[in-house]
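Below is one structure, written out as structure tokens; comments come after it.
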Amino acid sequence: MVEDTLSARVLEMLSDTMEALSAGRSGDQTVCDHLSQAVGAHSAVTLAIDPGAPIHPVAVYPSAAEAEALREFVMSTDPRAQMDHVRSHEHPLLGHIVTVSVRPAPSAIEFRDYARVLAFAKHAPFGMEDRYMLEKSCRPLASLWPHAARAAAAAAQAPKPKVLLDEHLMTSRELEVLGLLSEGLLATSIASRLSLSPRTVHKHLGNIYRKLGVHDRLVAVSLARMQGLVDEAAHPVSPSSPSSAMMH
């Protein structure tokens with residue numbers, strides 16, 4: 001009965017992910033949300049590992065700020081080297097952490113160097129059902145991502161309407177902030193990198209969101225990439241956005 005219930009949850013996640021992709025939403029975020037809620041995680045992050053590109057977050061739960069400490073921890077563990085499907089860690093503040101490495105099926109040769117590392121943190125230990133849920137998700141996700149990637153790549157080649165920026169084009173400083181935002185940095189990190197105050201960075205972010213007509217950082221970055229406002233070379237086509245190579 002437990003196995004049937006978990007299988008039903010995985011199928012529901014895959015169905016919702018396909019629906020999200022069809023609607024142009026983030027498949028990575030849908031998976032992250034589903035699995036976080038299924039295992040009762042207080043925070044989660046999905047990192048994209050693409051050849052020739054920095055490792056970068058493509059989904060967070062419940063917010064970027066609350067998942068930042070987990071992201072920093074996972075980055076410190078050399079996620080590129082994780083070959084096990086599921087690995088456990090303990091952290092003095094975050095509690096119990098499970099990282100899940102998902103790589104495309106061997107048949108998807110063009111995506112063999114791509115991967116996703118999903119990390120989940122909770123204060124109580126992960127139970128057998130939690131681990132089973134995560135392990136059971138690996139194979140269908142490994143099969144799903146290459147198909148989603150091909151669809152995303154095809155969509156990226158299609159003509160896209162240009163967004164009319166409000167008032168003026170981005171200033172050079174706003175483009176710098178937007179570029180760092182696309183690398184997954186939070187406002188405090190952007191402020192440190194550009195030698196600005198966090199308040200000034202938030203002001204720039206407000207202007208950026210207003211000009212793009214959005215209210216969410218992930219949507220802003222996705223739209224900026226579509227419009228060529230951030231350097232595509234820094235994050236080649238990958239599954240996390242409409243211009244990505246595996247899943248978004």
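The values are calculated or read from the model by the stated rules, or taken from the named source; none is laboratory data. From a predicted model like this one, the values you see are computed outputs, not experimental measurements. Note: ideal-geometry Cβ built from the backbone for every residue, glycine included; neighbour counts use all protein chains shown.
The residue that is nearest to Val219 (Cα to Cα), among those in the range 65-100 that are small (Gly, Ala, Ser) and surrounded by fewer than 20 Cβ atoms within 10 Å (Cβ to Cβ), is Ala65. The condition (being farther than 26 Å from Pro104 by Cβ and modelled with pLDDT of 85 or more) is satisfied by just one residue among Leu212, Leu186: Leu186. The set of residues in the range 173-199 being touching a helix residue (DSSP H, G or I) at 6+ places or on another chain (Cβ under 7 Å) and polar (S, T, N, Q) consists of Ser182, Thr188, Ser197.
Which residue is modelled with the lowest pLDDT, if the candidates are limited to the range 105-131 and must be surrounded by 21 or more Cβ atoms within 10 Å (Cβ to Cβ) and of a type in the set (A, V, I, L, M)? Looking at residues that are surrounded by 21 or more Cβ atoms within 10 Å (Cβ to Cβ) and of a type in the set (A, V, I, L, M), I get Ala115.
Taken together, the criteria place Val45 among residues that are touching a strand residue (DSSP E or B) at 6+ places or on another chain (Cβ under 8 Å), within 16 Å of Arg217 (Cα to Cα) and among the aliphatic types (A, V, I, L, M). For first residues located in the range 204-233 and hydroxyl-bearing (Ser, Thr, Tyr), partners that are in a helix (DSSP H, G or I) and lie 6+ apart or on another chain with Cβ distances below 7 Å form the pairs Tyr209/Ala220.
Taking the criterion of being outside any helix (DSSP H, G or I) and either on the phi > 0 side of the Ramachandran plot or surrounded by fewer than 16 Cβ atoms within 10 Å (Cβ to Cβ) (or both), the residues of the range 168-220 that qualify are His168, Leu169, Thr171, Gly184, Ser195, Ser197, Gly213, His215, Asp216.
Could you tell me which residue of the range 66-80 is nearest to Ala187 (Cα to Cα), considering only residues that are over 13 Å from the mean Cα position of the chain (by Cα) and charged (D, E, K, R)? Among those that are over 13 Å from the mean Cα position of the chain (by Cα) and charged (D, E, K, R), it is Glu66. For the structure I just gave you, tell me whether His42 is over 19 Å from Glu135 (Cβ atoms), in contact (Cβ under 8 Å) with a residue 12 or more places away in the chain and touching a Gly at 6+ places or on another chain (Cβ under 6 Å). Answer is no for this residue.
Being of a type in the set (A, V, I, L, M), over 25 Å from Leu11 (Cα atoms), within 21 Å of the chain's Cα centre (by Cα) and at pLDDT 80 or above holds for only one residue in Leu134, Leu94, Leu141, and it is Leu94. Entry remark, the range 72-100: residues being touching an Asp or Glu at 6+ places or on another chain (Cβ under 9 Å) and assigned to a strand (DSSP E or B) number 6 in total. Selection of the range 29-59 for residues being over 25 Å from Thr5 (Cα atoms) and within 8 Å of the chain's Cα centre (by Cα) yields Leu47, Ala48, His56, Pro57, Val58, Ala59.
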